[in-house]
Amino acid sequence: MIQYLVNIIFAIDQFVSTILGGHPDDTLSQRLGRAKCSGVRWTEPFRILVDALAFVLAGETDHCVRSLSGTTSVKELWNWGGSRSDIKVEE
């Protein structure tokens, strides 16, 4: 049952990101992480909030940057800084 709830939350996260002009496979955390790596400043309050929630709920630090994955080149309708192919992720 817990995994089911996690899946629903993840789907809502991707849906909200898509509504805000992002790629359907991206979460808000991924977009905020790319914005941080690209030096975009206006997204910082949102990234700090998401990182704080991830720390409180799961004990994860630097969640947004750590959520970055993949190197596919996909254009967003509303790019918050950097594209998926611009960010180099260490596997």
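Every read-out reported here was derived from the displayed coordinates using simple, explicitly stated rules and does not represent laboratory data. Quick caveat: nothing in here was measured; it's all calculated off a predicted structure. Here the Cβ is made from the backbone with ideal geometry for all residues, glycine too, and neighbour counts use every protein chain on show.
Exposure proxy ranking for 49, 68, based on other Cβ atoms within 10 angstrom of each Cβ and starting from the fewest, stands as 49, 68. Annotation for segment 1-75: chymotrypsin sites (Phe, Trp or Tyr not before Pro) lying in DSSP loop with at most 13 further Cβ atoms inside 10 Å of their Cβ are 42.
If the segment from residue 42 to residue 6 were pulled out straight at 0.36 nm per residue, it would be longer than the present Cα-Cα gap by 10.1 nm.
Each of 2, 48 was scored by other Cβ atoms within 10 Å of its Cβ. Arranged with the fewest first, they read 2, 48.
Which shape class, rounded, prolate or oblate, goes with segment 2-66 when its Cα gyration tensor gives a ≥ b ≥ c as root eigenvalues, a/c under 1.5 marks rounded, and past that a/b bigger than b/c marks prolate? Oblate.
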